[in-house]
Structures are given as structure tokens and as C-alpha cells.
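What follows is calculated from the coordinates using simple rules that are stated; it is not laboratory data. Keep in mind that what you see is a predicted model, and the values were worked out from it rather than measured. Quick reminder, even Gly has a Cβ in these numbers, built from the backbone with ideal geometry, and neighbours come from all protein chains shown.
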Amino acid sequence: MSSPLPTQEQVRSALDGVNDPEIGRPITDLGMVKSVGIAPDGQVDVGVYLTVAGCPMRDAITDRVTKAVSAVPGVSRVRVALDVMSEEQRKDLQTSLRGPERDIPFAKPASLTQIYAVASGKGGVGKSSVTVNLAAALAAAGHKVGLVDADIYGHSVPRMLGVTGRPTAVENMIMPPSSHDVKVMSMGMFTKGNTPIVWRGPMLAKAMQQFLADVYWGDLDYLLLDLPPGTGDVAISLSQMLPNAELLVVTTPQLAASEVAERAGSLVTQTRQRIAGVIENMSYMVCPHCGEQMEVFGSGGGEAVAQALTQITGTTVPLLGQVPLDVRLREGGDAGTPLVLSDPSSPAALALSKVVGALSGKGRGLAGRMLTLSPR
């Protein structure tokens, strides 16, 4: 006796469990299911709207739909036919996801996304390596994480995180690619090869505005910003766009780096932001022969920065972690696989995980939030 044919309700219920790879929501909620046909022999034909022609996720969507519908009892085989949304459908999708206005969702008082802007006074202290590993560790812990490569001139996050996809435009909305479960936006995704970016202040601010307002990030638990070194245009613009962002200051132990890091952190006295803490990178190196800790760049720089910023701001600024110098940290960046994922038990990965524990274990403060209080 042959099994009964699947019903429309069963097939559509299965499709409810298929999420769009870029948006992360069911394709049924997004209006992407065009049609469902069931033949007498149990074959199910599913029509699916892609958001744009040439969608990079077309194969992934086809595979997900096929797998989900094939699991329905009575289905003999599945055929997926792809179509493309009309301009009106794309506009409706954009409005349903982001609303009619081009606001920065993270700057709204009701936003629950914790924002960390990773800063340094000078280049070469490993700020991007630290940012990428923190983002990957947060995502590995089950959090929804986004990462903005705000270092326009020196963008390096795509390589370090192994991002191979490119952003997809749906009307005026941008879908960010992801890697290791971290959504990423960087100017490196829009340039050809290793072409330099030659922009002045207003263009930098506009790019950051687009990365924050025009990109569909979804509901993030954490948003990390890899700032350029120093206290220039991008750092100032982002402090105005995201006044609720907290600073993570990265330094190395030597005096020359810690003095400059202190200046970068003291920017908050003008922007009225909060400093979440200081991370000392390249704190020491473990000798591969004798196991002794070698302080290649001196010692005490991170603690000195934390103490100085505590005095400057009048609030306690902790030293969140001391990350040892490890060649595997550099190798992971070159290969696009963060050390916290490739070798989580290594000393550097453990130090970075300790920082993640400190950041994810604290609640969001009141900085930048609207207090619904009225005077009596």
C-alpha cells in the first residue's frame, strides 16, 4: 500500500523551517515562497523567489529547501524552481526588515546590542587580530555577532576572518557576508585587488553611515568595530553615530605604545563614552625550548594604561587580559581561521577567551540610553 501524498500544509510547514542564509529568517516570512505543487506520484515542485538575480546563496537555498521538503512523509522527490523578486517585492522586503527610515538601529534607545569599538593609539599592536578573535569567540559561544571593519585605509578583517563572500544589495539594503558565524562589512569587499582607498573625512563618515544604517544586520547580541589607529575622523564620527559604544583599548607593553594608547582612550572625555577595559597584546613570549616567559616588549604597559585612564575618566578601567606573543595568532590571521577556533587551548586563545568572558558576563550600562524619567 502506497503512502499518502503530502499536503500543502505539510510542505509549507517544512518550508517554515528553512531560513534564508543571509537574512537568517524563514523564507515563508520573507515572501520568498512563490508556489508549491504536489504531483500524483509524490513529486513536490517548489517555486522560490531570490532577492536578486545572481544571488550568491542560490545553491544554499536550493539545498535547504530540497532537504526540508524531502523529509516530509510521502514526498518522492523535490524540484526547486528559482525566480527573482520584482522591484516592488524587494521594496516590501526592505520595509518589512528595516522599516521605512534609514536610521542606525544600534543607536536607538531600545537597542539591546552591546557595541564595542576596539581602538589603539598606533598601528602594529595587533588590534585587528584581537578584534577578529574576540568576534569569533563570541560567535562560537552562541552569540549573534557583527563586525565592522572601520579601518578604511588599512582594512584587514576579511582576510583575517576568512571572508570569501561579497555583500548583496537588495534595493537600498545590503546583506553582509559572514564567516565563522560572524557577519562582516569592510571596504575591502568593494575594492578591486589591493587597490588603495584615497578618501577624505566626509567620505569616511558616509561609508560608516552606510555600513551601520544600510546594512541589514538582524538582531545582534554584539557589534564590534575595528577602528583605525588614533583619534581621527572615523573614531570621532562613530562616537557621534554610536554614543552607546564602549571602547576597548589595545596596547603592547612598551612605553612608546602605552603612551599613545592612553591618548586614544582619553578621547572618551570628549565623546562621553565609556571604556570597557584595556587589552595588552604581545605581553610575553614563551620560549619554545625552555618554556620561560620572555618579555620581548617590556612589561607593565597595559596596567599603566588602565591606571591612567581610570584617573582620567574617574571610573575604574580594568586590564581585561594579557595576550602572549604567539606565531599561531599571526598564522591564523593569514589563513582566515582565528586562533580561538583553530587552537582554543593555546595560551593566547585562553587569554582572549578570558576577555570574552569578562565582556559577555556584564550587562549593558545606561550610557546612550533614554531614561523614561520625569521631574516631580
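Data table
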item	result
Under 13 Å, Cβ to Cβ, from LEU204 - net charge with Lys/Arg +1 and Asp/Glu -1	-1
Filtered GluC sites (Glu not before Pro), the range 274-319: DSSP coil and at most 15 other beta carbons within 10 Å	GLU292, GLU295
Simple spin-label estimate for GLU295 and LEU350 in nanometres, 7 Å along Cα-Cβ	2.1
Fully extended contour minus Cα-Cα distance, from SER35 to GLU259, at 0.36 nm per residue	74.3 nm
Rounded if a/c under 1.5, otherwise prolate or oblate - the range 252-305, Cα gyration tensor axes	prolate
Ratio of the Cα radius of gyration of the chain to 2.2 N^0.38 Å, where N counts its residues	1.13
Convex hull per residue volume in Å³, alpha carbons only, for the range 8-97	84
Proximal aspartates and glutamates relative to LYS91, as straight alpha-carbon distance under 19 Å, when same-chain residues fewer than 8 apart are discounted	ASP20, GLU22, ASP29, ASP83, GLU101, ASP103, GLU171, ASP214
All lysines inside 16 Å of LYS127 as judged from Cα atoms, apart from same-chain residues fewer than 8 positions distant	none
Eligible lysines near LYS108 by straight Cα distance, threshold 21 Å, same-chain separation 8 or greater	LYS144, LYS183, LYS206, LYS362
Longest segment of the chain lacking chymotrypsin sites (Phe, Trp or Tyr not before Pro) that sit in a DSSP loop with at most 15 other Cβ atoms within 10 Å	200-376
Distant-in-sequence amide H partners of ALA169 (H built 1.01 Å from N, under 5 Å)	MET175
Estimated [θ] at 222 nm from DSSP helical runs (n ≥ 4, -39500 (n - 2.57)) normalised by residues in the chain, nearest 500	-10000 deg cm²/dmol
Label-point separation in nm, ASP83 to GLN270, each point 7 Å along Cα→Cβ	5.6
Spin-label pair GLN210/ASP59, simplified geometry with 7 Å Cα→Cβ offset, distance in nm	2.9
